[in-house]
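The values are calculated or read from the model by the stated rules, or taken from the named source; none is laboratory data. What you see is a predicted model, and the numbers here were worked out from it, not measured in a lab. With ideal geometry, Cβ positions are generated from the backbone for all residues, glycine too; neighbour counts draw on all protein chains shown. Surface accessibility is based on the protein's heavy atoms, side chains included, excluding ligands, DNA and RNA. Shrake-Rupley method; radii C 1.70, N 1.55, O 1.52, S 1.80 Å.
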Amino acid sequence: MNPGEKTRLAVMSSGTGTNFVALCSAAKNGSLDARVEVLICDKPGAAVLERAAEWGVPSLCVNPRDFATKAEYEQIILNHLQSLNVELVALAGYMRIVGPTLLDAFAGRMLNIHPSLLPHFPGINALERSYEGGHGGVTVHLVDSGLDTGPTLGQSPVERTEEDTLDSFAARVHTAEHQLFPSVIQKVIEQQNREELS
Ligand code: GRF
């Protein structure tokens, strides 16, 4: 990363893309000192691909079903990220465990957002389970080979109130995600810039 230049960020997503939009928006308004270089999507037809087109962000959709192994699938993604000199990767609703091909290349430079206060409720349906069980909130963490197990970089608790429905609770969790993810990525960028300078 070169201090003074915008960090080249890739976003990986499988779905709706509200976090993708939050990152694009933060990059546009300057609160995130990054350029979203590319969207990587593993689901043909996912809504996030339309969001990328709207934001003018190039996208690469790679279907894992077209490959015999995860390593081959990830190698295509890795080649693309490297060709764009991507420096940081944000997993924003990317619904797969990342394998060693991508992890080794982006060790310490791949972040994930998860809709619970980890270590509570890793894995799927975290939002529903935290609505039922408490510990509502959002976590941003470094990605490792486990399921939502990497070191935590930032968290925001979200209380469930007596009036809450799952929908109203989920809406506040998503709002918290859209605030936390860009702000944690910005802190990582600032930290990396400091390290470059020292
Ligand atoms: C978010 O809740 C994120 O925490 C989880 O997947 C969801 C993606 O939502 N990993 P969106 O596609 O960003 O709207």
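With a 10 Å cut-off between alpha carbons and a GNM built on the chain, which of Phe106, Phe67, Phe121 moves the most? Largest GNM mean-square fluctuation: Phe67.
Among the protein heavy atoms, those of Glu190 account for about 80 Å² of accessible surface (1.4 Å probe, every chain in place). Here the ratio of the Cα radius of gyration of the chain to 2.2 N^0.38 Å is 1.00. For the residue pairs Lys70/Lys187; Lys28/Lys187; Lys28/Lys70, the C-alpha atoms sit more than 24 angstrom apart in Lys70/Lys187; Lys28/Lys70.
Here the extension length gained between Leu147 and Thr161 equals 2.2 nm, from 0.36 nm per residue of separation less the Cα-Cα distance.
Placing unit charges on each Cβ (+1 for Lys and Arg, -1 for Asp and Glu) gives the chain a dipole about its Cα centre, and among Phe106, Ala176, Gly154 the Cα reaching farthest toward its positive end belongs to Phe106. In summary, the helical segments of the chain meeting the span-like criteria, namely a full DSSP H run, a Cα extent along the axis of 27 angstrom or more and a mean Kyte-Doolittle hydropathy of at least -1.0, are 166-197.
Per residue, the solvent-accessible area of the chain (1.4 Å probe, heavy atoms of protein chains only, all protein chains present) comes to 49 Å².
Quote the FRET efficiency, to the nearest 0.05, computed for Ile124 versus Ala47 with a Förster distance R0 of 22 Å and r equal to the Cβ-Cβ distance. So, using R0 = 22 Å, E works out to roughly 0.75. Among beta bridges from DSSP that stay inside the chain, the antiparallel ones total about 35%. Treating r as the C-beta distance of Ile76 and Glu54 and R0 as 22 Å, the FRET efficiency rounds to 0.35. Considering only Pro182, Pro115, Pro64, the mean-square fluctuation computed in a Gaussian network model of the chain, springs between alpha carbons under 10 angstrom, is largest for Pro64. Using a Gaussian network model of the chain with C-alpha springs under 10 Å, which one of Thr139, Thr165, Thr149 is most mobile by mean-square fluctuation? Evaluated over the chain, the most mobile residue of the options is Thr165. Ligands, DNA and RNA left out, the 1.4 Å accessible surface of region 40-179 is 54% carbon and sulfur atoms. Per residue, the convex hull spanned by the alpha carbons of region 138-187 comes to 80 Å³.
The charge dipole of region 54-171, taken about its Cα centre with unit charges on the Cβ of Lys, Arg, Asp and Glu (plus for the first two, minus for the last two), comes to roughly 420 debye. The charge dipole of region 2-89, taken about its Cα centre with unit charges on the Cβ of Lys, Arg, Asp and Glu (plus for the first two, minus for the last two), comes to roughly 140 debye.
What dipole magnitude, in Debye to the nearest 20, does region 63-118 give about its Cα centre under +1 on Lys/Arg Cβ and -1 on Asp/Glu Cβ?
140
The slack between Asn85 and Asn63, meaning 0.36 nm per residue of separation minus the straight C-alpha distance, is 5.7 nm.
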